[in-house]
Amino acid sequence: MGQHRRTYTDEFKAGAVDRLYEPGATQGSVAKELGITGTQLKSWRLEIEAFGSAEAKWRHKADAAELDRLRKENKRLAQEVEILHKASFEYIEVFYNRHRRHSGIGYQTPVQPFEDMAWKMAA
């Protein structure tokens, strides 16, 4: 049977790295006490140092997750706006078409009475 890969919490990793800064602690001794390899401990230390602190790393992960969520929501809202634009255009075309005949103006299009008035004024 194969070995299961062990996973460690961020708190455990931060605690292990904090122990490195205690007086007299070495990477090998801390790793041996915790039952991990020195390479794991070194990679955790470098990762935390790259972000400045464990809290900064967690904050960065949270910000990245929120940014991803906001991008998805923005994309969904943009699609909704596009659908609404198409629906309003269709409404205008059906109910306010310039070439549609209206009974209130003698079954003429809305443009025809103005064109007739322009011809009468020009004559």
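Structure values in brief
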read-out: Proximal lysines to Lys42, defined as alpha-carbon separation beneath 19 angstrom and excluding residues fewer than eight positions away on the same chain; value: Lys13, Lys32, Lys57
read-out: Cut-off under 5 Å, modelled amide H: who pairs with Gln108 long-range; value: His102
read-out: Among 5-14, 37-46, the order from most to least packed when residues are scored by Cβ within 10 Å on average; value: 37-46, 5-14
read-out: Solvent accessible area, Å² - Ile92, 1.4 Å probe, full protein context; value: 90
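The values are calculated or read from the model by the stated rules, or taken from the named source; none is laboratory data. Note that the structure is a prediction, hence the values are computed from the model and not measured. Methodologically, a virtual Cβ is constructed for each residue, glycine included, from the backbone with ideal geometry; neighbour enumeration extends over all protein chains shown. Side chains are part of the model used for accessible areas, which takes the heavy atoms of the whole protein and leaves out ligands, DNA and RNA. Shrake-Rupley method; radii C 1.70, N 1.55, O 1.52, S 1.80 Å.
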